[in-house]
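Everything below concerns the one structure shown next.
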Amino acid sequence: MTDPLLRIRDLAVEFSARGVVARAVDGVDLDIGAREIVALVGESGSGKTTLARTLLGLERPTAGGIEFDGSPLPTTVRRLRAYRRRVQLVLQDPTGSLNPRQTVYESVAEGIRIHRMVAKSDGATEIDLVARSLTRSGLRPPENFFLRYPHELSGGQRQRVVIAGAMALEPEVLIADEPVSSLDASIRGEILALLLRLRDEFGLTVLVVTHDLGLAWNIADRIAVMYLGRLVEHGPAERVLSDPQHPYTQALLSVVPEMHHIEPIVLTGETPDPTRIPGGCRFHPRCPALLDGRAEAAGIADVCGTKPMPVLDTARGAAAACWLANPSSS
Amino acid sequence: MSGLLEIENLEVIYRTAGGEIPAVRGVDLTVDSGESVGLAGESGCGKTSVASTILRLQPSNATIRGSVRVGGKDVQTLGWSGLRALRWGEAAMVFQGALHSLNPVQRVGDQIAEPILLHDPSAQGTVKSRIGELLEQVGLPAARARAYPHQLSGGQRQRVMIAMALACRPELIVADEPTTALDVMVQAQVLDVLSGLVGELSLGLLMISHDLSVLGATCTRVAVMYAGRIVEEGPATDVFEHPLHPYTGALSAAFPRVGDRSARYAPSGLPGDPPDPQELPSGCTFHPRCPVAREDCADHDPPVRLAGPGRPVACVLVEEGALQP
């Protein structure tokens with residue numbers, strides 16, 4: 001791989017309250033190359049949203065670091081502002097992201113004014129820039145949308161306005177946190193197709209944070225699966241989804257409702273709270289491979305409960321943080 | 001034969017300052033005991049309006065035509081005492097947002113007790129053990145009765161909502177998007193609980209969702225709604241895997257099968273948005289978004305025809321008896 005656009009190394013983000021420390025992100029290595037679409041997959045409580053917020057400079061890492069385009073993430077207000085133009089965020093709920101009393105034009109123009117995009121462009125006016133980004137996001141003809149308010153739009157149109165607001169700043173990276181999970185089924189494909197088109201036309205790099213493996217299959221080049229603050233499996237999307245190595249990824253894939261041809265592995269309980277990360281492999285208390293004796297048969301059952309997994313090395317093509325998948329290293 | 005829930009030619013019309021909104025335009029649907037039926041469709045298609053009429057929970061500006069019968073009784077003409085006995089006792093509802101449906105300052109056990117004691121004030125002595133039993137039925141330890149909603153996770157709260165719905169031993173459960181806000185693993189757990197209950201208690205379940213894949217995996221039969229009408233109905237796996245109506249086809253393709261190469265870098269969706277019920281397109285209401293629409297689709301609203309036994313479809317391209325060998 002050529003130099004990655006975003007390089008995450010040994011990242012940890014902790015939150016503490018009343019002496020209790022929650023390790024939301026607890027050792028993550030991940031590189032994201034230019035023009036790549038990477039899906040960060042995990043359930044609630046896996047730390048995926050904290051990781052995304054840290055990438056935007058909204059949370060400070062406790063340890064480790066993030067490099068963007070070869071230099072560490074800025075910390076001063078002025079530099080952060082410049083950085084945030086280049087790395088934009090799209091959230092799950094477009095209704096919550098838009099000001100209900102602002103027209104579509106105002107919503108899109110706000111970022112253009114803050115970042116003085118008109119001065120940076122070659123002779124385009126503010127209206128040109130707003131119209132251009134609405135068109136790029138599939139709202140055509142743009143003039144028809146200028147004076148509309150969010151409540152006059154459908155859910156899919158609102159999400160397009162949010163994406164237009166982000167694209168108006170000509171970012172290099174788009175971080176999309178569950179971009180379609182609040183949208184209707186028929187709209188979902190259209191928004192995903194838009195993300196693919198923005199990558200093809202403008203060389204955009206996309207990090208999609210999601211719990212939806214179907215979405216990852218639809219658009220992602222690479223997948224990183226996160227559990228309780230760490231990546232447990234990583235690799236090219238086709239490889240991870242057609243032949244998952246980690247028992248957690250296998251279970252996640254088996255409960256996707258479309259997959260009724262495989263026996264569902266429904267895990268008991270829920271992701272533990274990040275203030276009490278289990279010792280040994282952090283997945284071992286819920287691991288189906290330990291329950292059904294596969295770990296025992298491989299002679300690693302003791303190791304699972306005692307020896308912590310090293311941080312997943314994502315520099316290799318595909319990898320899984322499981323003693324079962326890497327018997328030699330246990 | 002009379003079903004547990006029988007909806008016949010149901011119409012729901014909302015009177016608003018901007019005129020009348022026909023949200024439901026002639027829906028027929030039945031659910032029998034021990035059967036789980038899915039109602040699929042996008043926001044605004046009228047599926048929640050249908051659900052609200054089953055417990056007569058529709059807003060006061062709604063006009064209802066047609067009939068809704070639960071256990072043979074017409075819900076819309078029932079007297080107040082009959083209606084009280086119906087709600088919780090014969091039919092109960094599980095709503096989407098469990099966090100907003102539970103009282104944040106009351107222990108969940110006390111909230112489950114409320115409908116039980118309302119229906120049978122003499123149950124005071126046995127209510128505690130009944131709550132424990134209900135919680136265990138949905139896979140929660142009986143001790144969780146002492147928890148407040150904020151101490152539970154999203155999946156646990158949804159289980160509490162299901163336990164509450166079961167409190168008065170209803171025969172019919174109406175679940176409106178019961179897993180929409182949940183993660184896949186928790187969704188699988190909650191769906192397991194629901195389908196287990198249908199089998200064990202021989203309940204009738206009407207499950208409403210925009211996610212056809214969830215209904216396909218949980219229900220025995222699925223009906224697909226578009227713009228206030230059912231456009232296709234049939235056995236769940238048939239509808240999901242071999243859809244006949246182009247709209248069902250689009251809904252089904254929206255959730256790709258992981259591993260299906262044709263879906264890689266090709267997310268599938270439908271252009272356009274669901275129609276505004278006040279300005280319904282002429283002819284077939286789906287024609288402006290239909291990938292295979294013919295010219296005459298704008299003129300004639302296609303009647304519902306039986307493509308096969310138990311397989312009604314409303315599309316000109318699907319002939320009567322099309323599924324017969």
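Among the residues of the stretch B:276-289, write down those that are crowded, with 22+ Cβ neighbours inside 10 Å and at the interface with chain A (Cβ under 10 Å from one of its Cβ atoms).
Across the stretch B:276-289, there are no qualifying residues.
Being at pLDDT 90 or above, crowded, with 22+ Cβ neighbours inside 10 Å, among the hydrophobic types (A, V, I, L, M, F, W, C) and in contact with a Pro (Cβ under 9 Å, 6 or more places away or on another chain) is true for just one of A:90, A:28, A:38. Which residue is that?
A:90
Kindly list, by first and then second residue, each pair from a residue in the stretch B:33-52 that is within 11 Å of another protein chain (Cβ to nearest Cβ) to a residue that is crowded, with 23+ Cβ neighbours inside 10 Å and of a type in the set (Lys, Arg), limited to pairs with Cβ atoms under 6 Å and residues at least 6 apart or on different chains.
Hits for this filter: B:41/B:47.
Going through the stretch A:221-272 one residue at a time, which ones are modelled with pLDDT of 90 or more, farther than 15 Å from residue A:283 by Cα and of a type in the set (A, V, I, L, M, F, W, C)?
A:223, A:224, A:237, A:240, A:241, A:253
Please list, ordered by first then second residue, the pairs with beta carbon atoms under 9 Å, 6 or more apart or interchain, first in the stretch B:158-180 and in contact (Cβ under 8 Å) with a residue 12 or more places away in the chain and on the phi > 0 side of the Ramachandran plot, second among the charged types (D, E, K, R) and assigned to a loop (DSSP other than H, G, I, E, B).
Pairs that qualify, where the first residue is in contact (Cβ under 8 Å) with a residue 12 or more places away in the chain and on the phi > 0 side of the Ramachandran plot and the partner is among the charged types (D, E, K, R) and assigned to a loop (DSSP other than H, G, I, E, B), are B:177/B:211.
What helices (runs of 4 or more DSSP H) completely inside the stretch B:125-216 contain at least 3 residues that are within 19 Å of residue B:34 (Cβ to Cβ)?
B:154-166, B:184-201
Of the residues B:272, B:234, only one is of a type outside the set (A, V, I, L, M, F, W, C), under 21 Å from the mean Cα position of the chain (by Cα) and under 24 Å from residue B:43 (Cβ atoms); which?
B:234
Just one of B:206, B:212 is closer than 27 Å to residue B:243 by Cα and either more than 13 Å from chain A (Cβ to nearest Cβ) or of a type in the set (S, T, N, Q) (or both); which is it?
Unique residue meeting the criteria: B:206.
Test residue B:143 against the criterion of being small (Gly, Ala, Ser) and either under 26 Å from residue B:32 (Cα atoms) or free of Cβ contacts under 8 Å to residues at least 24 places away in the same chain (or both), and give yes or no.
Judged against the criteria, residue B:143 is a match.
Which one is nearest to the other protein chains (Cβ to nearest Cβ) among residues in the stretch B:217-232 that are surrounded by fewer than 24 Cβ atoms within 10 Å (Cβ to Cβ) and outside any helix (DSSP H, G or I)?
Looking at residues that are surrounded by fewer than 24 Cβ atoms within 10 Å (Cβ to Cβ) and outside any helix (DSSP H, G or I), I get B:220.
Which of the residues belonging to the stretch A:31-70 are free of Cβ contacts under 8 Å to residues at least 60 places away in the same chain, in contact with a strand residue (DSSP E or B) (Cβ under 7 Å, 6 or more places away or on another chain) and not in a strand (DSSP E or B)?
A:50, A:54, A:59, A:61, A:62
Only one of these is in contact with a strand residue (DSSP E or B) (Cβ under 9 Å, 6 or more places away or on another chain) and either assigned to a strand (DSSP E or B) or more than 12 Å from chain B (Cβ to nearest Cβ) (or both): A:195, A:169, A:134. Name it.
Exactly one residue qualifies, and that residue is A:169.
Can you tell me which residue within the stretch B:250-275, out of those that are touching a residue at least 24 places away in the same chain (Cβ under 8 Å) and more than 8 Å from chain A (Cβ to nearest Cβ), is nearest to residue B:238 (Cα to Cα)?
It comes out as B:252.
Across the stretch A:220-240, what is the number of residues that are buried (at least 24 other Cβ atoms within 10 Å of the Cβ) and part of a helix (DSSP H, G or I)?
1
Identify the single condition in (1) within 14 Å of another protein chain (Cβ to nearest Cβ); (2) over 22 Å from residue B:181 (Cα atoms); (3) modelled with pLDDT under 90 that residue B:123 does not satisfy, given that it satisfies every other one.
(1)
If a residue has to be in contact (Cβ under 8 Å) with a residue 12 or more places away in the chain, on the phi < 0 side of the Ramachandran plot and over 14 Å from the mean Cα position of the chain (by Cα) to count, how many in the stretch B:53-82 make the cut?
Residues meeting the conditions: 16.
Mind counting the residues in the stretch B:62-81 that are surrounded by 15 or more Cβ atoms within 10 Å (Cβ to Cβ) and not in a strand (DSSP E or B)?
4
Conditions (1) surrounded by 21 or more Cβ atoms within 10 Å (Cβ to Cβ); (2) at pLDDT 90 or above; (3) closer than 30 Å to residue A:253 by Cβ, marked per residue:
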| site | (1), (2), (3) |
| --- | --- |
| B:114 | no, yes, no |
| B:150 | no, yes, no |
| B:153 | no, no, yes |
| B:162 | yes, yes, yes |
| B:174 | yes, yes, no |
| B:180 | no, no, yes |
| B:186 | yes, no, yes |
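Which count do you get for residues in the stretch B:236-256 that are in contact with a helix residue (DSSP H, G or I) (Cβ under 7 Å, 6 or more places away or on another chain) and assigned to a loop (DSSP other than H, G, I, E, B)?
3
Could you say whether any residue in the stretch B:85-93 is in a helix (DSSP H, G or I) and either surrounded by fewer than 14 Cβ atoms within 10 Å (Cβ to Cβ) or free of Cβ contacts under 8 Å to residues at least 24 places away in the same chain (or both)?
no
Which members of the stretch B:290-314 meet the condition of being assigned to a loop (DSSP other than H, G, I, E, B), more than 14 Å from chain A (Cβ to nearest Cβ) and of a type in the set (A, V, I, L, M, F, W, C)?
Of everything in the stretch B:290-314, those that are assigned to a loop (DSSP other than H, G, I, E, B), more than 14 Å from chain A (Cβ to nearest Cβ) and of a type in the set (A, V, I, L, M, F, W, C) turn out to be B:292, B:293, B:304, B:307, B:314.
Give the residue that is surrounded by the fewest Cβ atoms within 10 Å (Cβ to Cβ), with candidates limited to residues of the stretch A:102-129 that are β-branched (Val, Ile, Thr) and assigned to a helix (DSSP H, G or I).
A:114
Within the stretch A:229-267, how many residues are more than 8 Å from every other protein chain (Cβ to nearest Cβ), out of contact with any Pro (no Cβ under 7 Å at 6 or more places or on another chain) and of a type in the set (Ser, Thr, Tyr)?
2
The values are calculated or read from the model by the stated rules, or taken from the named source; none is laboratory data. Small disclaimer: the values here were computed from a predicted structure and weren't measured. When we count neighbours, we look across all protein chains shown, and the Cβ atoms used for this are built from the backbone with ideal geometry, even at glycine.
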